1. I'd like to verify a number: residues in region 56-93 that are free of Cβ contacts under 8 Å to residues at least 12 places away in the same chain and within 17 Å of E20 (Cα to Cα), how many?
2. Mind counting the residues in region 16-70 that are in a loop (DSSP other than H, G, I, E, B), surrounded by 12 or more Cβ atoms within 10 Å (Cβ to Cβ) and at pLDDT below 75?
3. Can you report the number of residues in region 384-429 which are polar (S, T, N, Q), outside any loop (DSSP other than H, G, I, E, B) and over 21 Å from F644 (Cα atoms)?
4. Answer with yes or no whether L312 is in the same structural domain as L355 (by the TED database), of a type outside the set (G, A, S), surrounded by 15 or more Cβ atoms within 10 Å (Cβ to Cβ) and closer than 20 Å to M256 by Cα.
5. Being modelled with pLDDT under 85 and among the basic types (K, R) is the filter here; which residues of region 641-683 pass it?
6. So A387 ticks every box in (1) small (G, A, S); (2) open to solvent by less than 50 Å² (accessible area, probe 1.4 Å); (3) free of Cβ contacts under 8 Å to residues at least 60 places away in the same chain but one. Which box is left unticked?
7. Please note which helices (runs of 4 or more DSSP H) are completely contained in region 320-378 and include at least 2 residues that are outside the structural domain of K225 (by the TED database), open to solvent by less than 10 Å² (accessible area, probe 1.4 Å) and at negative phi.
8. Please go through region 779-811 and give me each residue that is in a loop (DSSP other than H, G, I, E, B) and loosely packed, with under 15 Cβ neighbours inside 10 Å, ordered by number.
Amino acid sequence: MALLMHKEMGSSKYVRYTPEQVEALERVYAECPKPSSLKRQQLIRECPILSNIEPKQIKVWFQNRRCREKQRKESSRLQSVNRKLSAMNKLLMEENDRLQKQVSHLVYENGYVRQKLSASGTTTDNSCESVVMSGQPQQQQNPNPQHPNRDVNNPAGLLAIAEETLAEFLSKATGTAVDWVQMIGMKPGPDSIGIVAVSRNCSGVAARACGLVSLEPTKVAEILKDRLSWYRDCRCLNVASVIPTGNGGTIELIYMQTYAPTTLAAARDFWTMRYTTSLEDGSVVVCERSLTSSTGGPAGPPPSTFVRAEMLPSGYLIRACEGDGSIIHIVDHIDLDVWSVPEVLRPLYESSKILAQKMTTAALRHVRQISQETNGEIQYTGGRQPAVLRTFSQKLCRGFNDAVNGFADDGWSPMGSDGLEDVTIVINSSANMFPGSQYNTSMYPSYGGGVMCAKASMLLQDVPPALLVRFLREHRSEWADYGVDAYCAASLKASPYAVPCARPGGFPSSQVILPLASTVEHEEFLEVVRLEGLAFSPDDVALAGRDMYLLQLCSGVDENAVGACAQLVFAPIDESFADDAPLLPSGFRVIPLDPKTDDPTAARTLDLASTLEVGANAARSAGQTDLSSYNLRSVLTIAFQFTFENHLQENVAAMARQYVRSVVGSVQRVSMAIAPSRLSSNMGLKPLPGSPEALTLARWICRSYRIHVGSELLQADSQSGGDAMLKLLWHHSDAIMCCSVKTNASAVFTFANQAGLDMLETTLVGLQDIMLDKILDEAGRKILCTEFPKIMQQGFTNLPSGICISSMGRPISYEQAIAWKVLNDDDSNHCLAFMFINWSFV
């Protein structure tokens, strides 16, 4: 007879249960796993077979049952982690073998070049010339190669191209056909995205990624082939024909259009052949390349307004691993015809890092996201399914790309200029949009009208894209006009308000950000922004007291990401926030150009039409250079969309131009303020090594802590000084911040270390807009007012655990806080310092 035995509490004897009793207890536990459930007690009382068991014994049984369940879950988790580590170890061993092959290949090439150079130095023939000629492309000797076995109408000819593409792709994915260089910060691990590398010294741009996902290979291939679902720059992908092959694979002829990232260059399109097959070891391969005159194959559609780009052999190698998972190798290799874009933009089309971020890692992240959603590892709030939230993100990006590009076949047409070429206005009055459009007929007034887009692009100097976008997100009032926001929100209703006049500084309003969802690595997050209206002029009484809502997508705000494109896109929504709500996105996109050493004339910030110059940076003389020859440049693209009525078209156009110019001016002022080279002079004390003010403040903070508290703030040599002390303070694990000395809690923050900025969810620029009383709750303000005299007399005080609020409105808990006076070299009060220990978002 199966029995369950355990020691009775406080006794050495064992309690035995019959199988019927065990079955009854399991039934009760399955219905009510929570120990304090009243329903559990009721079920126990209603079960006669459990009536002869003491309540204490039943309680012990449930405790043991819960412990066994926890052990099973932990064992399952550890087994899963072990499988991931084993698969990742296998991946690393393969990568190590590939690197050894690459080293051997480079050693052989080095020896060959040395031999050639030695021969050229001891002979009088034309060996040097022959070496030069050997480096020329082979197609120059035969510009029109013929492929007799590649008949356009013969599937066998396409299969020959497909097999050649497969071999070249595998040599890039697992071989040494491309010299790969691993990107900084991309380290493998059980929870990392994987290994990401970019090409060096190859034609076009190329990126490679390999990682582990918990999906079977066929499912992974299906997800990756649906490029529209994860590649945000893909406008359309049409499969012209599908040809089955004799080996069980398929050949597809594909025409794909992609968006241009800015308004300053034409979009690209591709005519490719995609080959899906299986290898002998069961691996699934999806490889793809462009069909050109040199490769053979059928000719594609004419490029029309697009620039025809070339996809060199690329694709996905998907291998099954233990535990229903897959190891994925992704290779993207394209030639974007860089010579057809303005010289200033060519780094965008020559950067393998940008390709890696926008295409290669985007594919791998999307598969990992789907995998974790399928396995229930991601929990979303708000009651919406992950697929619905992803659809919102795609609609925002796609609508913004539509606005930036303004394709004529979508119905966009240019509008006349007002004499300046800084802002471009395009309108779309078509009620029947092309398939895939993000607009809805409900966005158009029934009495005639359409959508108007005002857009511009500009080149920024010395402004980190992540920092700029984060500032624009956190400080909307610095650039946005509340009246224009209200006009856009009113477009969702039947009768929009009158056309507003964009005013400098806009209306006073506050924003509350409500998070909806984020990707696995938090590189992109979707949120709802509530704009709270405050006081208005009598002319705008219709807007008073109205809260407005924006659906907002933010990405690329991690300053440590390499080659990351930062973007802030938003669209007005109403309170209902329906799943099929029409969206009219506007926003900002900042794309970094590869850092390079420029001459002094290139160290300028160009405006919308590359004619205006910004601030003091443009006033430099031709012979004046930066303190460092390292220039961080980026391209900013702005696009705002508005609905209009036909009889108000000119008024809306004038408002749109004025508003975009106002936003551009605000962005230029912000860019000049947050540029790292100007922080120390424009923004006061900043934690930058080499800034005398910052070094002095760090020394005062540490010295005052030692005097008042009696211990060292930094776990380092007390004699440490200079940059070392500032760096230790900046990277301290606890949030340390300083504010001005006042007798009330309305003190303004003047400094915070990195942990402090993360806790307040702000930047060094936005820190000066935050007051102490705004981050403390009511209990915290009362305690601080009580302890303030003690701080001024004794020099410090310990504050109990509590709750504070970030600048984004999110609650933060902390275990303890220490406040102390910061004394300057004359031992007079300079400011107050706070250290929040073990803080976390609630």
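The values are calculated or read from the model by the stated rules, or taken from the named source; none is laboratory data. Keep in mind that this is a model prediction, so the values were computed, not measured. Virtual Cβ from ideal backbone geometry, glycine too; neighbours counted across all protein chains shown. Protein only, heavy atoms only, side chains kept; ligands, DNA and RNA dropped before computing areas. Shrake-Rupley method; radii C 1.70, N 1.55, O 1.52, S 1.80 Å.
1. Residues in region 56-93 being free of Cβ contacts under 8 Å to residues at least 12 places away in the same chain and within 17 Å of E20 (Cα to Cα): 0 in total.
2. Qualifying residue count for the region: 3.
3. Number satisfying all stated conditions: 3.
4. yes
5. R678
6. (2)
7. Ranges flagged: none.
8. P800, S801, G809
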